[in-house]
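Some notes on the structure that comes next.
Every number here is computed from the coordinates shown, using simple stated rules; none is lab data. Keep in mind the model is a prediction, meaning the values are calculated, not measured. FYI the Cβ positions are ideal-geometry reconstructions off the backbone, even for glycines, and counts take in every protein chain you see.
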Amino acid sequence: MAEIEFYFDFGSPNAYLSYKVLPEILVRTKAQLSMKPVLLGGVFKATNNQSPFVAMANIKGKFNYEQLEMQRFIQSHQLTEFQMNAHFPVNTLHVMRGAVVAEEDGYLDNYIDIVMAAMWEQSMKMDDPDVIAEVLASGGLDAARIISGSGTAEIKQKLIDKTEAAVSRGIFGIPTFFIGDEMWFGKDRLHQVEDYLLAE
């Protein structure tokens, strides 16, 4: 069975939008999904990349067009629960370390569902430790365990290692998808990911 590796950071709205669309692609292609947490800020630093908001700032019309394309994507896939986070950009260091804890403990999928919803449906300030603890506890997770684990040297290093490995693989931004050695960047390439799977 084919596997889609999805490199993500909660700070990317396009990662959320991709995450919501992928289930229907998995059904049509019978592929499996493997979520890969990385720190987008670390990826940007290592690749000399910038967020679209910075990169497009001085290009007349570019940012407005990208916003239009996002709205088209949202409407096409009926992603009615999405809302732009009022605190954007959000520093995701703590919640990404938390993702590594969740991965180690075996409940990454549930953790992702909870944090994605908090970030891009409920507009929560997910770089505030108190808010993070409240969101995780409300979702039925052991917030104290996740937060304490996130502060350990082991988890910090694991997130660094995952991010460096992603960069070594060729990743320069989020969301990025791999099938084997084939890479696609951006939510707008998801149809190419599906086409590739169906052609295998």
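How charged is the neighbourhood of residue 119? Take every other residue with its Cβ under 13 Å from the Cβ of residue 119, and add Lys/Arg as +1 and Asp/Glu as -1.
-4
Fewest Cβ neighbours within 10 Å first, please rank 19, 7 accordingly.
Neighbour counts put them in this order, fewest first: 19, 7.
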- Task: Pairs of Cα atoms under 8 Å, at least six residues apart: use those to get the relative contact order of the stretch 1-133, whole percent.
- Result: 28 percent
- Item | MRE, 222 nm, helices only [DSSP H, n ≥ 4, -39500 (n - 2.57), over the chain, to nearest 500] | -17500 deg cm²/dmol
- Task: Using label points projected 7 Å from each Cα along Cα→Cβ, tell me how many nm separate residue 48 and residue 192, to one decimal.
- Result: 2.3 nm
- Task: In nm, give the distance between the simple-model label positions of residue 199 and residue 137, each being 7 Å from the Cα along the Cα-to-Cβ direction.
- Result: 5.2 nm
- Message: Take residue 80 and residue 181, extend 7 Å from each Cα along the Cα→Cβ direction, and tell me the distance between the two endpoints in nm.
- Response: 4.6 nm
- Message: Can you order the peptides 104-114, 90-100 by their average number of other Cβ atoms within 10 Å per residue, highest first?
- Response: 90-100, 104-114
- Whole-Hz ³J(HN,Hα) from phi, Karplus 6.51 cos²θ - 1.76 cosθ + 1.60, for the stretch 15-27, glycine and proline x: 5, 4, 4, 5, 4, 6, 8, 4, x, 5, 5, 4, 5
- Among 146, 190, 32, pick out the residue whose Cα is farthest towards the positive end of the charge dipole of the chain, where Lys and Arg carry +1 and Asp and Glu carry -1 on C-beta, about the Cα centre. 190
- Task: Considering the convex hull of the alpha carbon atoms of the chain, report its projected area averaged over all viewing directions, in nm², one decimal.
- Result: 11.4 nm²
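Nearest 0.05, what FRET efficiency do residue 64 and residue 122 give at R0 = 35 Å with Cβ-Cβ as r?
Details: r = 26 Å, r/R0 = 0.75.
Computed FRET efficiency for residue 64 and residue 122 comes out at 0.85.
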- Message: Cut-off under 26 Å on the C-alpha distance; same-chain residues fewer than 8 positions from residue 156 excluded. Which lysines are left, in chain and number order?
- Response: 36, 45, 125
